[in-house]
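Down below is the structure, laid out as structure tokens.
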Amino acid sequence: MRIAIFTDTYDPDINGVARTLKYFIHYLDNKKISYKVFAPDSLSNEYVSSNVRRIKSLSFFLYPECRLAFPNLSRIKSELEEFSPDIIHVATPFNMGLCGVYLAKKLTIPLVGSYHTDFDHYLKFYDLRFFSKILWKYMNWFHKPFKKLFVPSNETLTQLKCQGFVNLEVWPGGVDCQLFHPYYEKQAIREQWGISKKYLLTYVGRLAPEKDVKTLLAVAKALPAEINEEVQWFVIGDGPQREELQIEAPANMTLTGYLTGEQLAEIYSASDLFVFPSPTETFGNVVIEALASGTPAITANSGGVKNIIKAGVTGYLCETGNVMEFTNAILKLLENDDLRKQLGIEGRNYALTQSWDKIFSNLLWHYRAIIDEPKIQKYA
């Protein structure tokens, strides 16, 4: 099998799409399956595999961490013909995605895609709600040719069905339980980061309106003074609201910037609770990473996160933006060590069932079915 992937975001970008594709590429490498990725160029000087074709790009104004590519269609067409893929997978609906859709039609290559981001939900956080109808019209048009559209949660599948999307298939995210686990040396991690408080509460994600970091800040300030004295907050990530958050953050809140790999995994493991108020997740990669690390999660009862958190078993789901609900859930778990530990154990057990190998193996099964479809129809 030969797979061509078109995406507007890719490693070393830090987001759910780029991270999922990175794990997928590692899986394909291990299985010795041929692939070629077409993605925007990167500001990083890291080594780039010959299997990744970088396209000239500029920073995207709504999401500066991502790039807007300007593909040369004739050149990419030639490269694609030379590679001769059995299937094209489009991961994003922007310039590179459009390029993939166009070339799949032009070269009659089976086309599939994945839907990772709830752009419609983002609009209200940027005062662009009036674009909603136009956005859904575009999204329907863009995804219409896909033989399959893989979505990360049942919640997203239901949302897209209501918008008239067809050929939907749930393709959930997974987690690397060898990297994210509860067995790091917690005391050493605390000493390394200068954490002297009794409890460590952590947020991981982009610091932007769609993640509702203002609710996070309000929750941190709403905790009773006697509890706050025992709490250290770590806010891991970056984005347009970092400067504002830095100014308004209480003294016990540390903004670390982006952390990745083992450094991030260690912080998850050393944390007592993971607090994530974002209402716009189609899946929630950081949530399942926290669970894999044995850390209970307190999240917004919204989006794909609802399919990860089992209330009262692996964490708690709170009404979006409800500072009191988040605060009460935090207090309940900080005041009950046994319950907190039990939720951590259950979260780890759940994460162990969500291996990337199993998830990617199922994706390849769908690929094969789509590639073989014309043969089946021919001899039917």
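The values are calculated or read from the model by the stated rules, or taken from the named source; none is laboratory data. Remember, it's a predicted structure, so these values are computed and weren't measured experimentally. Here the Cβ is made from the backbone with ideal geometry for all residues, glycine too, and neighbour counts use every protein chain on show. We work out accessible area using only protein heavy atoms, side chains counted, and drop any ligands, DNA or RNA first. Shrake-Rupley method; radii C 1.70, N 1.55, O 1.52, S 1.80 Å.
The set of residues in the stretch 219-242 being more than 18 Å from Val323 (Cβ to Cβ) and open to solvent by less than 40 Å² (accessible area, probe 1.4 Å) consists of Gln232, Phe234, Ile236, Gly237, Gly239.
Taking into account only those residues within the stretch 290-312 that are in a helix (DSSP H, G or I) and open to solvent by less than 10 Å² (accessible area, probe 1.4 Å), which is nearest to Val213 (Cα to Cα)? Here the residue is Val305. For the stretch 10-27, the criterion of being part of a loop (DSSP other than H, G, I, E, B), at pLDDT 90 or above, under 26 Å from Val175 (Cβ atoms) and open to solvent by less than 30 Å² (accessible area, probe 1.4 Å) is met by at least one residue.
Run down Leu264, Leu245, Leu216 and say which single residue is without any contact (Cβ under 8 Å) to a residue 40 or more places away in the chain and open to solvent by less than 20 Å² (accessible area, probe 1.4 Å).
Working: Leu264 fails: without any contact (Cβ under 8 Å) to a residue 40 or more places away in the chain; Leu216 fails: without any contact (Cβ under 8 Å) to a residue 40 or more places away in the chain.
Within the list Leu264, Leu245, Leu216, the selection yields Leu245.
Counting only residues that are outside any loop (DSSP other than H, G, I, E, B) and modelled with pLDDT under 90, how many does the stretch 30-60 have?
Here is the first cut: in the stretch 30-60, the ones outside any loop (DSSP other than H, G, I, E, B) are 30, 34-40, 52-55, 57-60.
In the following step, the residues that additionally are modelled with pLDDT under 90 were identified as 57-60.
Adding up the residues that qualify gives 4.
Name every residue in the stretch 248-261 that is out of contact with any Gly (no Cβ under 9 Å at 6 or more places or on another chain), open to solvent by 70 Å² or more (accessible area, probe 1.4 Å) and farther than 19 Å from Ser196 by Cα, in order of residue number. Listed by number, the residues that qualify are Glu248, Thr260. Filtered by the rule that a residue be loosely packed, with under 13 Cβ neighbours inside 10 Å, outside any helix (DSSP H, G or I) and of a type in the set (S, T, N, Q), the stretch 316-373 gives Asn336, Thr353.
Restricting to the stretch 166-205, what's the tally of residues that are open to solvent by 20 Å² or more (accessible area, probe 1.4 Å) and either basic (Lys, Arg) or closer than 30 Å to Phe146 by Cα (or both)? Give the derivation first.
First pass over the stretch 166-205, keeping only residues open to solvent by 20 Å² or more (accessible area, probe 1.4 Å): 166-170, 172, 176-179, 181-188, 190-194, 196-198.
Within this subset, residues satisfying the condition of being either basic (Lys, Arg) or closer than 30 Å to Phe146 by Cα (or both) are 166-170, 172, 176, 186, 190, 197-198.
Qualifying residue count, the stretch 166-205: 11.
Of all residues in the stretch 309-363, those being in contact with a helix residue (DSSP H, G or I) (Cβ under 6 Å, 6 or more places away or on another chain) and among the hydrophobic types (A, V, I, L, M, F, W, C) number 8. Of all the residues in the stretch 115-161, those that are open to solvent by less than 50 Å² (accessible area, probe 1.4 Å), hydroxyl-bearing (Ser, Thr, Tyr) and either touching a Ser or Thr at 6+ places or on another chain (Cβ under 6 Å) or in contact (Cβ under 8 Å) with a residue 60 or more places away in the chain (or both) number 5.
How about the stretch 167-180: which of its residues are of a type outside the set (Phe, Trp, Tyr) and either touching a Phe, Trp or Tyr at 6+ places or on another chain (Cβ under 9 Å) or modelled with pLDDT under 95 (or both)? Even if it seems obvious, please write down each step before you answer.
So in the stretch 167-180, the residues of a type outside the set (Phe, Trp, Tyr) come out as 167-170, 172-179.
Within the stretch 167-180, Asn167, Leu168, Glu169, Val170, Pro172, Gly173, Gly174, Val175, Asp176 meet the criteria.
Within the stretch 352-363, residues that are without any contact (Cβ under 8 Å) to a residue 24 or more places away in the chain sit with their Cβ atoms under 9 Å from residues that are in a helix (DSSP H, G or I), at 6+ positions apart or across chains, in these pairs: Ser361/Tyr27. Evaluated against (1) modelled with pLDDT of 90 or more; (2) touching a Cys at 6+ places or on another chain (Cβ under 7 Å); (3) within 30 Å of Leu207 (Cβ to Cβ), Leu73 falls short on exactly one condition, (3). Of all residue pairs spaced 6 or more apart or on separate chains, those with beta-carbon atoms under 8 Å, a first member in the stretch 300-311 that is without any contact (Cβ under 8 Å) to a residue 12 or more places away in the chain and a second member that is outside any helix (DSSP H, G or I) are Ala311/Leu317.
Quick check on Phe283: is it part of a loop (DSSP other than H, G, I, E, B) and aromatic (Phe, Trp, Tyr)? Taking the combined requirement at face value, the residue satisfies it.
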